[in-house]
Amino acid sequence: MLSYKEIIIIKERLYMDEKFQFKKKFGQNFLKNEKVLTRIVDVADIKDESLTIEVGPGSGALTKYLKEKGQVLCYEIDKTLEDILMRSFGEEKNVSIYFGDFLKQDIKEDLKDFTYKHLYFVSNVPYYITTPILFKLINADLYFDKIVMMVQKEVGERFTSIVGKKEYGALTVLLRYYFETKKEFLVSREEFIPKPNVDSVVVSFKPRKDKENLISEEFFQQLVHDSFQFKRKTLRNNLKKYDLNIVSKVLEKYNLDLNVRAEQLEYNIFVDLANNLYK
């Protein structure tokens, strides 16, 4: 049950728009706790002369705090929120809002209109597009000072897992190559309207400064996916289409053999495998 104060806050954000309906297809769950919003911004640690990308601003609750730190570029797919967002930020010179599908946008092209020294991505992203958004950012050929996302708790566990844990998978390995990942803090489902069925977690991603060289990132990504294709099977079975003699020689350097499972390998071993197998 929402308190009277919480109802007033939500109604103020939505400007008493009784016609607005939350849409499941867009994964809309709006944060109602101001303290959580400020903590997210604090985690981002946004520097001066910055630009922050936000996907799914909703009613603009997080945007309100992000704009205090610098320029903000928002992407909102739900055009019924246009009036609400434009009333809040239409006169703000440092807030730009694009109404459309972020996943279909050329981010690099969009950023040509902005001048900045530091780039961030901070969002309470719809759960159903969390992974596609991350890989769009990875493949955008842009340097982000930091990425901060609120995601479903279960997904956050996969992002930040360690070798040998059941949550450790292809996604963990790929993200570990590109970022230092950190689980920042949990957010209860009670902090949202409408209330989702699961709790959330705020995760940060900081680009690795000591990232190993890869001959082909595309090949690396494919190799990792193939290695985890059947999680209970060994590399001998999952990597049959690759040169197993080369795989075996690389594994020997780490005192491992072809009977090892992918979940037992650190990300750097996959990097080594990819560089040796790539032709």
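Rule-based calculations on the coordinates, nothing more; no lab input. On a predicted model such as this, the values are computed, not experimentally measured, just so you know. Neighbour counts are summed over all protein chains in view; Cβ atoms, including those assigned to glycine, are modelled from backbone coordinates with ideal geometry.
Just report the Cα centroid separation between the range 250-279 and the range 27-95, whole Å. A separation of 42 Å, based on Cα centres. Distances between placed amide hydrogens fall under 5 Å for residue 125 paired with 150, all partners being 5 or more residues away or on another chain. The calculated FRET efficiency for the pair residue 101 and residue 230, based on their C-beta separation and a Förster distance of 41 Å, comes to about 0.80. Between the Cα long axis of helix 4-13 and the first principal axis of the chain there is an angle of about 80°, rounded to the nearest 10. When each of 113, 257 is scored by the number of other beta-carbon atoms lying within 10 Å, the sequence from fewest to most is 113, 257.
When a/c is below 1.5 the answer is rounded, else prolate if a/b is larger than b/c, else oblate, so apply that to the range 217-277 with a ≥ b ≥ c taken from the square roots of the Cα gyration tensor eigenvalues. Spell out each step's value before the answer.
Working: a/c = 1.26, a/b = 1.01, b/c = 1.25.
Rounded, since a/c falls under 1.5.
When all alpha carbon pairs of the range 49-184 are counted in 10 Å bins from zero, the resulting P(r) reads 11, 42, 33, 12, 2, 0 %. The range 188-209 and the range 111-127 have Cα centres spaced 18 Å apart. Once the Cα atoms are used to define both axes, helix 217-227 deviates from the longest principal axis of the chain by about 70 degrees. To the nearest 10 degrees, how steep is helix 267-277 against the longest Cα principal axis of the chain, on a 0 to 90 scale? With both axes taken from Cα atoms, the answer is about 60 degrees. The residue list 80, 90, 207 was ranked by how far each Cα lies along the charge dipole of the chain toward its positive end, using unit charges on Cβ atoms, and 207 comes out on top.
Taking each of 117/183; 69/117; 69/146; 166/209; 165/240; 47/104 in turn, the alpha-carbon distance tops 18 angstrom for 117/183; 166/209; 165/240; 47/104.
Spacing of the modelled spin labels on residue 47 and residue 240, each 7 Å from Cα toward Cβ, amounts to 5.1 nm. Over every Cα atom in the chain, the radius of gyration and the widest Cα-Cα span, Dmax, amount to 21.0, 67 Å. Report summary: the helix-based calculation at 222 nm, which adds -39500 (n - 2.57) for every DSSP H run with n ≥ 4 and divides by the residues of the chain, gives -10000 deg cm²/dmol. Couplings for the range 172-178, taken from phi via the Karplus curve 6.51 cos²θ - 1.76 cosθ + 1.60 with θ = phi - 60°, read 4, 4, 4, 5, 5, 5, 8 Hz in order; Gly and Pro are left as x.
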